[in-house]
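Heads up: the structure comes next, in structure tokens.
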Amino acid sequence: MKKIAVIGFGFMGVVHAKNIINSGNLELCGIVDNRPVDIFADLNKTGNQGALDLPVERLRQTPVFKTLEECADKVQPDAVVICVPLFLHYELTKKALNLGLDVLLEKPFCPEVAQCRELIALAEEKTRILMVAHCLRFAPQYEFLAQCIRDERYGKLRWLSTSRMGGEPTWGVWQNPEIKQTCGGSLLDLLIHDLDFVNYCFNAPADVKVNLHYDEYWEVALEYNHEAAISIKGGFLHCNTVFAAEYAATFERGSLRFCTLQPDVVHVGTDNGSQVITAGGDGYCEEMKHFADIITTRTQSLRCPAESSLQAIELCRDIRSQEE
Ligand SMILES: NC(=O)c1ccc[n+]([C@@H]2O[C@H](COP(=O)([O-])OP(=O)(O)OC[C@H]3O[C@@H](n4cnc5c(N)ncnc54)[C@H](O)[C@@H]3O)[C@@H](O)[C@H]2O)c1
């Protein structure tokens, strides 16, 4: 059984810790967080999925450390899941790889393209697994869309429109104005999910054009050297506004619609009528299962390669440069 430590026990760290415990083939051997408070105090108010059904007692039994070095020394993990603010992604991933650990790093990869490249090379040099946690690639509702694009069961894709909006985060490090400045805004924090997902579907870098940008709201159009039109839009709403992500896709012989406000189904319309496809399931859970597989088989992820996570950063850079 592979031993995994979670670094950063906030909004996402809690989710990954739960999925490690529930996986059956991974052991949560440690948690690293440098907050000067009891990190288990407000567990039921945190986490990315509302009522998380957390294994609270099991979490409380997990050894907690203030630094990665201390954790590596005391409990010898095989791998770490890094869920700290973006400005620490490079430093902590580099440290973990140099300690000989496999790494699942929360998205986005790193703020600078050169940092991403350096970490990919370091993982290769140390023969360690490095994967960036782009969870949409593992979400059943989005995987259904990807399959329809690939197998053309409704014909070729004509256009795809995605949207992702929610209240500006109010939790964890987002409460610190200085750290908030380093989180990359809605483009790197939110829209990168959809930008990476369309890269995944079309397996190529895109030409991109900004159609609208105002404050933390973006509308971008992507072109993948084929006939379909792709629009990605979204951003931060006023804090405490409900989150929703959705897509609409039109193919030659049918359309798909999905919204996270009705999370377990995708609606399909064709000449034969409408159909409701059940596509429930938890992308974070599937993502962790995949990470368990690749650290066992010792193969870099083909489903979510670090190189394509780097491409998503390049795409964001490209988008931002059009506004400068
Ligand atoms: N995949 C998704 O859907 C998703 C959703 C939200 C956030 N994220 C990503 O997850 C990462 C973390 O975001 P979050 O919302 O969980 O943040 P958060 O503020 O809730 O949690 C971050 C935690 O890291 C801890 N931390 C900070 N510096 C540390 C250090 N040096 N060593 C150990 N722990 C340290 C903090 O104390 C905090 O508990 C970010 O990269 C973010 O983009 C991904």
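Data for the structure
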read-out	value
Test: residue in the range 266-276 that is outside the structural domain of Asn19 (by TED's automatic domain parsing), farther than 27 Å from Lys156 by Cβ and open to solvent by 40 Å² or more (accessible area, probe 1.4 Å)	no
Restricting the range 40-63 to residues that are within 12 Å of the ligand (Cβ to nearest atom) and touching a helix residue (DSSP H, G or I) at 6+ places or on another chain (Cβ under 9 Å), the residue that is modelled with the lowest pLDDT	Gln49
Test for Glu178: is it closer than 28 Å to Glu112 by Cα, free of Cβ contacts under 8 Å to residues at least 24 places away in the same chain and open to solvent by less than 60 Å² (accessible area, probe 1.4 Å)	no
Which listed residue, of Glu314, Glu286, is over 15 Å from the mean Cα position of the chain (by Cα) and open to solvent by 10 Å² or more (accessible area, probe 1.4 Å)	Glu314
Members of the range 160-180 that are away from the ligand (no atom under 12 Å from the Cβ) and closer than 25 Å to Ser308 by Cα	Leu160, Ser161, Thr162, Ser163, Met165
Hey, Tyr214 in contact with a helix residue (DSSP H, G or I) (Cβ under 8 Å, 6 or more places away or on another chain) and of a type in the set (Phe, Trp, Tyr) or not	no
Number of positions in the range 132-147 that are small (Gly, Ala, Ser) and over 22 Å from Phe251 (Cα atoms)	1
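Residue-by-condition table, conditions (1) over 19 Å from the mean Cα position of the chain (by Cα); (2) free of Cβ contacts under 8 Å to residues at least 60 places away in the same chain; (3) in the same structural domain as Phe258 (by TED's automatic domain parsing):
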site: Gln115; (1), (2), (3): no, yes, no
site: Leu119; (1), (2), (3): no, no, no
site: Lys126; (1), (2), (3): yes, yes, no
site: Arg150; (1), (2), (3): yes, yes, yes
site: Tyr154; (1), (2), (3): yes, no, yes
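The values are calculated or read from the model by the stated rules, or taken from the named source; none is laboratory data. Just so we're clear, the structure is a prediction, and the values are computed from it rather than from any experiment. Here the Cβ is made from the backbone with ideal geometry for all residues, glycine too, and neighbour counts use every protein chain on show. Note: areas computed on protein heavy atoms with side chains; ligands, DNA, RNA excluded. Shrake-Rupley method; radii C 1.70, N 1.55, O 1.52, S 1.80 Å.
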